[in-house]
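So the structure is just underneath, and the comments pick up after that.
The values are calculated or read from the model by the stated rules, or taken from the named source; none is laboratory data. Note that the structure is a prediction, hence the values are computed from the model and not measured. All Cβ positions, even for glycine, are placed from backbone atoms using ideal geometry, and neighbour counts span all protein chains on display. In case anyone asks, the SASA skips ligands and DNA or RNA and just uses the protein heavy atoms, side chains included. Shrake-Rupley method; radii C 1.70, N 1.55, O 1.52, S 1.80 Å.
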Amino acid sequence: MRKRLLAFLMVLCLCQMPQMVWAAEVTEKMPQGTETEKLTEAETVPESEKQTETEKNQSESEQTESNQSAVIFQIDDTHIYEGMEKAYKDGYEPTVADDKVQMVLPLVAEDMKTVSSVTVTPNLGDTGTAPFVYKNYQKTFKATEETVNGTKDKKQVFLVNYTFPLKSDRKNGTYPVVFDVSAKADGQEIQQSFTLYVTIADEKKKDTVKKDSTSDVSVSNDGENSSDESEKPTSEPKLIITKCQSDPERLEAGKDFTLNVEIKNTSKIKYVQNMTIDVTCAETNLTLKADSNTFFFDRLGSNETLKLPLTFSASAGIQEGRYDIQLSMSYDNPDASSLSSSGTISVDIHQPLRVELEADELPDSINAGDTMNINVQALNLGKGAIYNVRCVVDAPGLSTGTSAYIGSVEAGSAANGTLKIFAGMKQSSADGEMYGETSGKLILSYEDEDGQTYTAEKEISTVINPLDLSTDSSQTEEKKQGVSLQWYIGVIAAVVILGTAGVIIYRRKAKQHEQE
């Protein structure tokens, strides 16, 4: 019995051995972490853990988007700002001139209100090979309204503007300048970098073999203490007065006037900042109507013009003449170096003209074809002389062959003249009548010292009688009476003569008779 049981167990073991061997081989060949195992493990993960994993993926996605939104600055490549000759999209290049390089980096953001300022740190590269003079150039720039494209249009921008001095021994080549920009927006720190390239084409070398004439000792000029080309004065912005217009055009004593002054920055690449303009005048009777004679302006861009209205008061007692007003301008260049310039405005102050015309009254009537003389007088009541004074008549039917020329009249004096007026027909009369009542004015014209013409007038009126071509009856009667008297006198004279002759003849005959 035991033998049979033992034999049965041996047969059973022999039948199970191939399955065990196959299972072992499969286990050795199958790698850990197969899809089957993963699927099995996934099936055993609780639902709560699956939800946590999903939220984790969403959080990572949001973090990635947040990191991307932090990059909010970009270069405005479509506009031309001060110090730029062309926009970035058209190939902007930094300006290299006068041993300096000017670099302009206009930065904008989608929402400019989220950032108040940016801090910029330039990285100029290797100190041994880069052409720049090294020092601390870190600056903070605020958002400002800047004009664009040389027009009056403005855009809000962080205008990063640097001027880097160049080494005296620089070499030709293209050099990168990295601007590291940092800012804060909604409590989040922002870090970005922008790279610009500077091309140097005016290579300069050290003068290392400069020998003394009396010895063979070499003198080395390192560019720091020598008076080489790098120490030549650079072109700086200039402020000049380009225009001044007065309002009103004629400036008179006792009245206020305004001078509209235009001041221009003549530099094409450099702006000026921290401007102060002092206005002074030596004449005490000419005063500036302002709380202060100093005016401040924060900035004036390259090739830009500012308008400065200045209102003055000229006292009534000021002497007529020309007066100078000085403008002293102090300002800084982009490197904060102090500069200054000045200008003078000359104004002509006139005393107000006061002239009156006096003249004889015209007769109540005048016959057509007659001429009458009228005395006129020009009275200069002002404080300045008047010139080329003359008088004419302007009335229908009345005319003058020539005007009554009076000439010059000094201040506070009078001058006389005679005006010959001829009476004719009212051919230009509005009522169409050739004769009758007419009215008009005597016109006195005169000039000031600048040749400007003024007038004074006096109203006149008279009646023009028609021209009478018939013989006057009274004159005819007088002529008749004269003829009658002459006839009577002739008759009487004849009678007297005849009577006298008769008496003489009678006496002669009587005497002859007595003698006989």
Amide proton proximity set for residue 325, modelled H, under 5 Å, gap of 5+: 345, 346, 347
- prompt: Taking a temperature of 25 °C and a viscosity of 0.890 mPa s, what whole-number D in µm²/s does Stokes-Einstein yield for segment 353-447 with Rh from Kirkwood over alpha carbon pairs?
  reply: 173 µm²/s
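So if we plug the beta-carbon distance of residue 304 and residue 255 into 1/(1 + (r/R0)^6) with R0 = 45 Å, what FRET efficiency do we get, rounded to 0.05? Provide the component values of the computation, followed by the final result.
Values: r = 33 Å, r/R0 = 0.73.
Approximately 0.85, to the nearest 0.05.
For segment 340-442, which trypsin sites (Lys or Arg not before Pro) are both in a DSSP coil and crowded by at most 15 other Cβ atoms within 10 Å? Intermediate values should be presented prior to the final figure.
Details: sites: 354, 383, 390, 420, 426, 441; in loops: 354, 383, 426.
Qualifying residues, ordered by number: 354.
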message: Before I look further, what does segment 313-363 give for accessible area per residue, probe 1.4 Å, in whole square angstrom?
response: 48 Å²
- prompt: Quick one: Karplus J couplings for segment 331-341, per residue in order, coefficients 6.51, -1.76, 1.60, θ = phi - 60°, nearest Hz, x for Gly and Pro?
  reply: 7, 10, 7, x, 8, 6, 7, 7, 9, 7, 7
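Work out, step by step, the length gained on full extension between residue 134 and residue 505: first 0.36 nm times the residue separation, then minus their alpha carbon distance; give nm to one decimal. Please report the intermediate quantities before stating the final value.
Details: separation 371, 0.36 × 371 = 133.56 nm, distance 15.93 nm.
Separation in residues times 0.36 nm, less the Cα-Cα distance, equals 117.6 nm.
Suppose all protein chains stay in the model; what accessible area per residue would a 1.4 Å probe give for segment 228-302, in Å²? If you can, show how the numbers build up before the last one.
On the way: 4260 Å² over 75 residues.
Solvent-accessible surface per residue comes out at 57 Å².
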statement: Residue-ordered couplings for segment 435-449, obtained by feeding phi - 60° into the Karplus form 6.51 cos²θ - 1.76 cosθ + 1.60 and rounding to whole Hz (Gly and Pro as x), are 9, x, 5, 9, 9, x, 7, 8, 10, 9, 10, 7, 10, 8, 5
field: segment 114-144: trypsin sites (Lys or Arg not before Pro) falling in loop per DSSP and having at most 14 other Cβ within 10 Å
entry: 135
